[in-house]
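The values are calculated or read from the model by the stated rules, or taken from the named source; none is laboratory data. All values reported here derive from a predicted model rather than from experimental measurement. We place every Cβ from the backbone using ideal geometry, glycine too, and count neighbours over all the protein chains shown. Just so you know, the surface numbers come from the protein's heavy atoms only, side chains and all, with ligands and any DNA or RNA stripped out. Shrake-Rupley method; radii C 1.70, N 1.55, O 1.52, S 1.80 Å.
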Amino acid sequence: MMTRQRSAKAMRWFGCDAMADLAAASQLIEVFANWRTMPNPGTRWGIEYQGQIVGSCGLFKWDRNGKHCHIGYELAQGHWGQGLMREALLAILAWGFEHMALNRIQAQVHPQNTASIKSLESLGFVQEGCFREAGVWHGQHHDLLQYALLKRDW
């Protein structure tokens, strides 16, 4: 089991405080599972590696009329830098553009999350601006950079 310190480091860009226990993680899984029933639905996939769930990624806040949604993802620290997230993101981007008929997929990322920014830019996402103090976690407001990928650029 991951220590609390490692968990906090891995979750520092997630957009909420680190989960305190297994019950909190189970509750988050329920939230993800219920996304499909919301007015602006979404979906989340687990990332499995060697028989273990090591992360997740998903599309959410789907605006069917506007044909756009948001993307979110995270990966256990021990699996960073192995290409697992890139492989997962390529799959869900293709799924979103093909099966959801999306025209635009957007991401919001903390300016200091250089690994995520590098991943997004390598996939063709373009930075469009900064939402000042749009995120709140760990008792602080955080700026979020706005990125987007258009179907025509995919």
| Residues of the range 54-71 being of a type outside the set (A, V, I, L, M, F, W, C), surrounded by 15 or more Cβ atoms within 10 Å (Cβ to Cβ) and at pLDDT below 95, which ones? | Gly55, Ser56, Gly58, Lys61
| note | Taking the range 74-89 and keeping only residues that are under 13 Å from the mean Cα position of the chain (by Cα) and open to solvent by 50 Å² or more (accessible area, probe 1.4 Å), one is left with Arg86
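Mind telling me which of the residues Gln140, Gln127 ends up being within 24 Å of Lys67 (Cβ to Cβ) and open to solvent by 80 Å² or more (accessible area, probe 1.4 Å)?
Gln127
Quick check on my filter: what residues within the range 61-86 are of a type in the set (A, V, I, L, M, F, W, C) and closer than 17 Å to Ser122 by Cβ? Don't jump to the end; show me each part of the working.
Of the residues in the range 61-86, the ones of a type in the set (A, V, I, L, M, F, W, C) are 62, 69, 71, 75-76, 80, 84-85.
Within the range 61-86, Ile71, Leu75, Trp80, Leu84, Met85 meet the criteria.
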